[in-house]
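Worksheet: one structure, shown below.
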Amino acid sequence: MEKTSIIIPTFNGRELLKNCIYSIKQHTEQPYEVIVVDNGSADGTVDFCRQEQITFISLASNMGFPIACNKGMKLASGNTLLLLNNDVIVSRNWLNNMQRCLYSRRDIGIVGPLTNYASGRQQINMPYTNLEEMSLMLNEPDSTKWQQTERIVGLCLLFKRELMEKIGLLDEQFSPGHYEDDDYCMRARNMGYRLMIAGDVFIFHHGSASFVREEEGKIKQLIELNRHKFMGKWGIDPKVYI
């Protein structure tokens, strides 16, 4: 069975990370490794990783999401890689159903789940109740719920090592974050890979937890700056895919 390397960047999010890790341990039956990339946290994140015997990389300062992911991707040993936000809580069948989708066709390169908080088509169109109830409703294996898409949001990106070897790592010009996931999806599609939403997987997402400490105005400026970087690189507004 394929081993999945789960790469989790984090910055001063120890409690979020704990909940994320515990949910992975509870709901993941397939072979996996967790690699935490700590962006210079001062809240005991490294101590937690040591206590739980989790593989981790400790950076001296906050390098942002793309750089942290890339450091984790370089260390990963799995045939499948998964970039996961620290403010996600996974649920039953999550990885099994996503892997089934990823390996159902050779030309599928990236798979993402449904969630309660995301831009675009991965956001569920029903009220969120609680994770157990949602996973009972939505996480039964069902390939008829898989749908092709133009983009997968970076909160949970599952892809084949083969894809990483062909298109490379995340583009670090988008640091500290925003639109690096759109860029990665664009590069994958340009290499002939299909992107799929696994509609039989629901995970919970707190939403923008690593950015909430910043002033709202600064976040908007960053998003707009990176949007223009994307347009400069590809000649298209990424909003057309949302």
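The values are calculated or read from the model by the stated rules, or taken from the named source; none is laboratory data. Since the structure is predicted, the reported quantities are computational estimates derived from the model, not experimental observations. Quick reminder, even Gly has a Cβ in these numbers, built from the backbone with ideal geometry, and neighbours come from all protein chains shown.
Of R106, R92, which residue is under 17 Å from L138 (Cβ atoms), assigned to a loop (DSSP other than H, G, I, E, B) and not small (G, A, S)?
Working: R106 fails: under 17 Å from L138 (Cβ atoms).
Result of the check over R106, R92: R92.
Residues are listed down the side, and each one gets a yes or a no for (1) within 25 Å of K239 (Cα to Cα); (2) not β-branched (V, I, T):
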position	(1), (2)
I89	no, no
N93	no, yes
L114	yes, yes
G120	yes, yes
E132	no, yes
L136	no, yes
L163	yes, yes
E172	yes, yes
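Might you check whether a residue that is in a strand (DSSP E or B), touching a Pro at 6+ places or on another chain (Cβ under 9 Å) and closer than 13 Å to L84 by Cα occurs anywhere in segment 26-33? So that I can check it myself, show each step before the final result.
Quick first cut of segment 26-33, residues in a strand (DSSP E or B) only: 32-33.
Checking which are touching a Pro at 6+ places or on another chain (Cβ under 9 Å) leaves us with none.
Taking every residue of segment 26-33 in turn, none turns out to be in a strand (DSSP E or B), touching a Pro at 6+ places or on another chain (Cβ under 9 Å) and closer than 13 Å to L84 by Cα.
Which condition from (1) surrounded by fewer than 16 Cβ atoms within 10 Å (Cβ to Cβ); (2) at pLDDT below 95; (3) under 21 Å from V37 (Cα atoms) is the one that G168 breaks?
Result: G168 passes all but (2).
Just give me the residues in segment 34-62 being part of a loop (DSSP other than H, G, I, E, B), surrounded by fewer than 23 Cβ atoms within 10 Å (Cβ to Cβ) and in contact with a helix residue (DSSP H, G or I) (Cβ under 8 Å, 6 or more places away or on another chain), in sequence order. Give the steps one after another, and end with the answer.
Just the residues of segment 34-62 that are part of a loop (DSSP other than H, G, I, E, B), to begin with: 39-44, 52-54, 59-62.
Next, only the ones that are surrounded by fewer than 23 Cβ atoms within 10 Å (Cβ to Cβ) stay: 40-44, 52-54, 59-62.
If the condition is that a residue be part of a loop (DSSP other than H, G, I, E, B), surrounded by fewer than 23 Cβ atoms within 10 Å (Cβ to Cβ) and in contact with a helix residue (DSSP H, G or I) (Cβ under 8 Å, 6 or more places away or on another chain), then S41, D43, G44, E52, I54, L59 are the ones that fit.
Name the one entry in A118, A76 that is in contact with a strand residue (DSSP E or B) (Cβ under 6 Å, 6 or more places away or on another chain) and in contact (Cβ under 8 Å) with a residue 40 or more places away in the chain. Spell out how you get there, then give the answer.
On the way: A118 fails: in contact with a strand residue (DSSP E or B) (Cβ under 6 Å, 6 or more places away or on another chain).
Unique residue meeting the criteria: A76.
Could we say that V153 is part of a loop (DSSP other than H, G, I, E, B), buried (at least 23 other Cβ atoms within 10 Å of the Cβ) and under 15 Å from the mean Cα position of the chain (by Cα) here? Lay out the reasoning, then the answer.
Details: part of a loop (DSSP other than H, G, I, E, B): yes; buried (at least 23 other Cβ atoms within 10 Å of the Cβ): yes; under 15 Å from the mean Cα position of the chain (by Cα): yes.
Yes; evaluated as a whole, the condition is true for this residue.
I'd like the full set of residues that are assigned to a loop (DSSP other than H, G, I, E, B) and surrounded by fewer than 16 Cβ atoms within 10 Å (Cβ to Cβ), limited to segment 109-143.
Answer for segment 109-143, where residues must be assigned to a loop (DSSP other than H, G, I, E, B) and surrounded by fewer than 16 Cβ atoms within 10 Å (Cβ to Cβ): S119, N125, M126, P127, Y128, T129, N130, E140, P141, D142.
Take segment 1-29 and flag every residue that is of a type in the set (A, V, I, L, M) and either closer than 15 Å to F204 by Cβ or at pLDDT 95 or above (or both). Give the derivation first.
Residues of segment 1-29 that are of a type in the set (A, V, I, L, M), as a first pass: 1, 6-8, 16-17, 21, 24.
Those that are of a type in the set (A, V, I, L, M) and either closer than 15 Å to F204 by Cβ or at pLDDT 95 or above (or both): I6, I7, I8, L16, L17, I21, I24.
Here are some residues: F159, F230, F211. Which one is in contact with a Gly (Cβ under 8 Å, 6 or more places away or on another chain), surrounded by 13 or more Cβ atoms within 10 Å (Cβ to Cβ) and either over 25 Å from I6 (Cβ atoms) or modelled with pLDDT under 95 (or both)? Step through it out loud before you land on a result.
Working: F159 fails: either over 25 Å from I6 (Cβ atoms) or modelled with pLDDT under 95 (or both); F230 fails: in contact with a Gly (Cβ under 8 Å, 6 or more places away or on another chain).
Among F159, F230, F211, only F211 is in contact with a Gly (Cβ under 8 Å, 6 or more places away or on another chain), surrounded by 13 or more Cβ atoms within 10 Å (Cβ to Cβ) and either over 25 Å from I6 (Cβ atoms) or modelled with pLDDT under 95 (or both).
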